[in-house]
1. Give me the one-decimal nm value for the distance between modelled label points at residue 261 and residue 765, 7 Å along each residue's Cα-to-Cβ direction.
2. Can you give me the orientation-averaged projected area of the convex hull built on the Cα atoms of the stretch 593-738, in nm²?
3. With no solvent and one point per C-alpha, what does the Debye sum give as log10 I(q)/I(0) for the stretch 211-339 at q = 0.16 Å⁻¹?
4. Just how much of residue 785 is accessible, in Å², when a 1.4 Å probe is used and the result is rounded to the nearest 10?
5. Could you work out the per residue convex hull volume over the alpha carbons of the stretch 656-728, in cubic angstrom?
6. Amide H of residue 828: which non-local residues (sequence gap of 5 or more, or other chain) have their own amide H closer than 5 Å, using H built in the peptide plane?
7. Of 418, 197, 605, which has the most accessible area and how do the rest follow, probe 1.4 Å?
8. Would you kindly derive the ³J(HN,Hα) couplings of the stretch 298-306 from the backbone phi angles with the Karplus curve 6.51 cos²θ - 1.76 cosθ + 1.60 (θ = phi - 60°), listing them in order in whole Hz, with x for Gly and Pro?
Amino acid sequence: MISTKKYTLAGILLLLAGTFFFSACSTKKNTWTRRAYHNLTAHYNVYWNGMDLMRQGIKDYVAQMNDNFALVIPVYNFGDKTGNKAAQFSDNAIKKASKTIQKHSMFFNHKEYCKWIDDSYMLIGKAYFYKKDYPMARRTFEFVIKTYNDSDIKYDAMYWQAMANIQMGDYTHAESMLDMLLNRINKGEAPAKYELEVNLAYANSFILQKNYDASVPYLNRALELKPSGRIKTRIYFILGQIYQKQEDPDRAAGMYTRVLKHSTTYEMEFNAKINLAQCYTSKSNDRDYIVKKLTKMLKDEKNKDYLDQIYYALAQIYLTDKDTSQTVKYLTQSVSTSKNNNYQRSISALQLADIYFSFPNYTKAQAYYDSTMQFLPKDFSNYKAIKKLTETLTDLVQQLQLISREDSLLNLAAMPEEARNKIIDKLIANYVAEEVKKQLDEQTKQQNQMFAGQQEGQYTSSGQGRWYFYNAATMANGFSAFAKKWARRKLEDNWFLTDKGISVNTNEPPADTSHAPTLAEGDTTSAKKPEKRSTNPKDRKFYTQDIPFTPAKVTASNKKIMEAYYKAGFIYIEGLNDNGHSVDCFETLVKRYPDFPRKAQTYYELYTLYKALKNDEKADYFRTQLLTNYPETDYAKMLVNQNYLQELASKKSEISKLYEITYKAFQNQQYYMVISNTAEAHAKYSKDTALLPRFDYMRALSLGKIEVVDSMLVALNKIQQEYPASPAANLAQDVLNTLANASGTGPHGGKSPADSSLAILKQAESIYKYDSTAIHFYVMIVNSSKVEVNALKIKIADFNTKFHGLESYEVNSLLFDNGEEMITVSPFDDAQTAMQYLVSIRDSKYIFTKLETSGSYSDFVISVTNYPVLYKNKDIPKYQKFFEKNYPVKQ
């Protein structure tokens, strides 16, 4: 009976507890039991797990961050924008916090009764922050500030919103929020605990903006507020870097000394030592001591991954003392030992390149500038200037290497065959010896690794690790590998050649390039298929295949040398401002090649260069040469008439004005004036091949209006013969096609092509409307049977990337009509922008060379409103008339 009562009571208690539990689970009513339940479970169940995941995730995240100590490090390192190492723990934290809000929020009468909900929103915001989704983080913090304005948590949200703005680069709004928060702290409205974080956030903002001086007061104030050891050490290091930039080595050294006393990581300690060494000045007497300390660091096994930085620090010491040879030595070692620190490699190579450029040694400077550009970040100061200089030097070195190569080939061609073969055999021998050396080095490396393993107890055999030729086992392995590749060979000269007869054949007569066999002119029967090129460096043919043995090849080689000297001369003066080397190039060119085709321009350049060098005697010599031998050239006329270029430009301006007048006369049907102006243009501006075809085209159409059709026909055919590559030739062909389909033959009883052309224009104007402010497309219509459309689209995209990289134009295509495809480039803001693009793309030989050969294309611009009309009607000639009238192409 007692037991029955006991079980009955337990059941009742269990039932009551269950009733309490299930009734408390609901968030529909605001009761004490429900508030207690949801606060308890929200905190210790879901939110606690999310917060714990976040804490551990941040700890691991921070441990993975690597600072670039070559730059001023930020106060907080959240990694670059592309990294997403925090994604997993951030996502888990967001899930936990969201679950807390969904299951435990008790919001009644504009008030939240579960005190962990606002913390959950903050957890979500911070998770988005570490996930680098800064816009979502900012929106979350804004929500907390507005929703929980009566709680102190809003100050935490204000701080983190400012941090999100800083990471987004929105420094204005970030600093505005920090100002507001600091003001409330100073008034006592916000907790004082936030002052340290606010000052560090200010400092971080200024450092990211590279306004280092502005960050110093905030960093010093942060130190006064006694931060934790890790952040304190970081502040000391940052201040040391900034004082270094301010050229205050004493204060910088003081900060680095403090870092060494409090450093928590070896990496920071190491960089503090390196920077401390760089605080050396020529006025101090401790150079030998610093060099000794750095040299000792080179031998420390812990520093094997930091050798590049140590060598760089040594270089800076000798650079301070203006010891160039030692500076170059240590910078070279810094570059060669740099393995994982690409930034260090780039700045070491850059400094080395600058030194070689100052000598000047352009070949070595180019090599190190090229190494620099492989890893130099695009936000590096003077990045564009360094890139441009690298490109200029690369172009120069290519020309100099071409000259060297072609000279060597010409020298080899002029040698007796025996002497030539000796040189080639020596090259082969060197190549083979280097190949064998690499094999032996690799075997020695493997043996040393085995020896190291033996030392660690991994191997039990003896005799490993001794010098190669004292080690029988290693020698045996090397001999086996050698015999496998070369078989057993007698030790003698040219041992690597199986057939010694090809080595030096003294029975053959010496080669004479003047009597080398050539293909007779017009003799196609004796032509042979080109022989396959050798790619084997151990084959003589590999070295002889490019030697110019025939007169034609000698001529081609000399032509390459001439062009290379000519280009190099201009690179020196225009790209490098080096008058002396430019003079050397041009003088060598005219002395070595008296018949150089552009000798007049070369003489002019030499005259101007010697004038700049204030060598009047030489300048007068080349002036006389130019005026005597090339008096009718523009260069000679520029020497006689100082205003020649202005007059030339004035003539171009005059013909442009005459063209505009003539075009308006044609539109106003003043055909006699068109014919008269065309004759004037030919008489005054006969050398202007750009506008004369257009004059002739308007003249031809005018003849169709006032004379017989045959006159116009002759004029149109003449345009096609004299200017086949001109757009006017295509227009002339369109009119001729219209003429062929015309019902009459001009003013003698029929309808002239000019009348037909005007009729087509009127029809076009009835369906197409001109709007210069509308969005426009550039359109190219091509015959897909004659043009590879995909390849053409790629070329256009390449052109856009190179010349219009900032506009983000899109290239599309679709079927048009009768085997034609329409390629479009868009969007352009207005007609003027579209026409500027049309003019620029038409100048691209890369795109239009093959198109002009095939003759299977037309291009124009069209507004977004006219585009669907054209696509529906498929009448290109009609739109072309509308285009020609409303979109005149200006050169």
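1. 8.9 nm
2. Values: hull surface 45.4 nm².
The orientation-averaged projected area of the Cα hull of the stretch 593-738 comes to 11.3 nm².
3. Computed log10 I(q)/I(0) values: -0.83.
4. Only protein atoms counted, so the area is about 100 Å².
5. On the way: hull volume 5.6 nm³, N = 73.
Given the Cα convex hull of the stretch 656-728, per-residue volume reads 77 Å³.
6. Excluding prolines and chain starts, which carry no amide H, the hits are 776.
7. On the way: 418 85, 197 60, 605 30 Å².
My answer, sorted largest first, is 418, 197, 605.
8. Running phi through 6.51 cos²θ - 1.76 cosθ + 1.60 with θ = phi - 60° gives 4, 8, 6, 4, 5, 9, 4, 8, 10 Hz.
The values are calculated or read from the model by the stated rules, or taken from the named source; none is laboratory data. All figures in this text were calculated on a predicted structure; none of them were measured in a lab. Quick reminder, even Gly has a Cβ in these numbers, built from the backbone with ideal geometry, and neighbours come from all protein chains shown. With ligands, DNA and RNA removed, areas are computed over all heavy atoms of the protein, side chains included. Shrake-Rupley method; radii C 1.70, N 1.55, O 1.52, S 1.80 Å.
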